[in-house]
1. Quick one: which residue in THR93, THR58 is of a type in the set (Ser, Thr, Tyr) and under 30 Å from GLY29 (Cα atoms)?
2. Restricting the search to the stretch 42-78, which residues are among the basic types (Lys, Arg), surrounded by 20 or more Cβ atoms within 10 Å (Cβ to Cβ) and either in contact with a Ser or Thr (Cβ under 6 Å, 6 or more places away or on another chain) or touching a residue at least 40 places away in the same chain (Cβ under 8 Å) (or both)?
3. Could you tell me how many of the residues in the stretch 79-89 are of a type in the set (A, V, I, L, M) and either touching a residue at least 60 places away in the same chain (Cβ under 8 Å) or surrounded by fewer than 11 Cβ atoms within 10 Å (Cβ to Cβ) (or both)?
4. Looking only at the stretch 90-111, how many residues end up being surrounded by 15 or more Cβ atoms within 10 Å (Cβ to Cβ) and farther than 15 Å from THR15 by Cβ?
5. Given the residues ASN12, ASN19, which is the only one that is of a type in the set (S, T, N, Q) and more than 15 Å from GLU73 (Cα to Cα)?
6. Hey, GLU20 hits all of (1) free of Cβ contacts under 8 Å to residues at least 24 places away in the same chain; (2) under 21 Å from ASP113 (Cβ atoms) but one; which does it fall short on?
Amino acid sequence: MEDPCSLHECINDLTTQINEDIRVHHTAGWLKYWVGADSYFDKLYFDKVEEYSYRPLTDQEEVFIKRKGVNLERIIDRWLNANPTITLEDIETRVEAYILKQFKKADLKDLFDDCSCE
């Protein structure tokens, strides 16, 4: 079996890090207050994409990559407001699906070498 491509390595690493952070803050009861305030998903998104991208990123790309992280923060906040008793497992599943959906779009997908996983 081949190793994952840089795109899927980035997705896996990003999803793992975000879900670990969510787990810590959910367990401590601070998830609602942490998301959007101190979660810094914008920086995490940029750092991970920059790490796995096959080329240096432009300032414009940095802006739209960081926007993807902010969008995830906003959607998690929406999920928490819509269902205050949402389970940790449901949040993690939704986060994984949301990130996969974001990275299917060309604006992010084009920052990586061609996928060799499929």
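1. Result: THR93 is the single residue among THR93, THR58 that is of a type in the set (Ser, Thr, Tyr) and under 30 Å from GLY29 (Cα atoms).
2. Kept after step one, since they are among the basic types (Lys, Arg), are these residues of the stretch 42-78: 43, 48, 55, 66-68, 74, 78.
Next cut, surrounded by 20 or more Cβ atoms within 10 Å (Cβ to Cβ) only: 48, 68.
Within the stretch 42-78, just LYS68 meets the criteria.
3. Residues that pass the stated criteria total 2.
4. Residues flagged as surrounded by 15 or more Cβ atoms within 10 Å (Cβ to Cβ) and farther than 15 Å from THR15 by Cβ within the stretch 90-111 amount to 1.
5. None of the others qualify; the one that does is ASN12.
6. (2)
Read-outs throughout are calculated quantities, based only on the coordinates presented, and are distinct from any laboratory measurement. Source: prediction; values computed, not measured. Cβ sites come from the backbone with ideal geometry, for glycine too, and all protein chains shown count toward neighbours.
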